[in-house]
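Remarks on the structure that follows.
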Amino acid sequence: DFESVRCYVSRFFLSLTLLLTSCAAQQIHPGAVNQFDSTTYEALLITHSVIETTKTDLASGVFSATLSPKVKTAVNELITAYDAADKLYINYHNAAIAGTSTTVQMTNVSNAIQSVNNATTALTNAKAGK
């Protein structure tokens with residue numbers, strides 16, 4: 001129902017906000033090269049979870065006939081943003097492991113994560129009927 005979706009989305013944004021604002025307090029994921037690598041990985045994990053949950057909810061008929069097409073469009077836009085960010089992240093991560101990552105790569109990943117955040121906001125609004 002709408003209330004449970006709203007709670008889930010609120011928790012997602014709270015988690016993402018805490019994640020992105022308290023990087024220094026968080027431990028680095030195993031396999032991550034640095035805090036940026038770890039934080040980006042975590043953001044992508046959370047986003048993947050939102051995508052999968054939304055796809056399951058769409059298949060289960062959680063959304064009304066009015067909301068469903070808007071949610072489907074928004075989740076597809078999030079998937080596109082996620083796929084682009086994931087590709088840039090993998091390239092950055094591999095370069096970071098090799099010791100050859102660049103500031104440009106980090107900037108590109110940061111910009112892609114911002115696009116993911118924007119698409120997530122659009123999905124949240126679609127789920128809320130906005």
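The values are calculated or read from the model by the stated rules, or taken from the named source; none is laboratory data. This structure is a prediction, so every number in the text was calculated from the model and none was measured. As a convention, Cβ positions derive from the backbone with ideal geometry for all residues, glycine included, and neighbour counts pool all protein chains shown. What goes into the accessible areas is simple: the full protein's heavy atoms, side chains included, and nothing from ligands, DNA or RNA. Shrake-Rupley method; radii C 1.70, N 1.55, O 1.52, S 1.80 Å.
Looking at (1) out of contact with any helix residue (DSSP H, G or I) (no Cβ under 6 Å at 6 or more places or on another chain); (2) closer than 17 Å to Ala112 by Cα; (3) assigned to a loop (DSSP other than H, G, I, E, B), find the lone condition where Ser101 falls short.
(1)
What about Glu3, is it in a helix (DSSP H, G or I) and at pLDDT 95 or above? Please lay out each step first, then the result.
Working: in a helix (DSSP H, G or I): yes; at pLDDT 95 or above: no.
So Glu3 fails the test.
Could we say that Leu44 is assigned to a helix (DSSP H, G or I), closer than 17 Å to Ala119 by Cα and modelled with pLDDT of 95 or more here?
yes
Working only within segment 79-110, note down all residues that are open to solvent by less than 70 Å² (accessible area, probe 1.4 Å), of a type outside the set (Ser, Thr, Tyr) and without any contact (Cβ under 8 Å) to a residue 12 or more places away in the chain.
Ala95, Gly99, listed by residue number.
Among Asn76, Asn117, which is part of a helix (DSSP H, G or I) and open to solvent by 40 Å² or more (accessible area, probe 1.4 Å)?
Criteria check complete, one pass: Asn76.
Of these, Thr121, Thr53, which one is touching a residue at least 12 places away in the same chain (Cβ under 8 Å) and among the hydroxyl-bearing types (Ser, Thr, Tyr)?
Step by step, each of Thr121, Thr53 is checked, and only Thr53 is touching a residue at least 12 places away in the same chain (Cβ under 8 Å) and among the hydroxyl-bearing types (Ser, Thr, Tyr).
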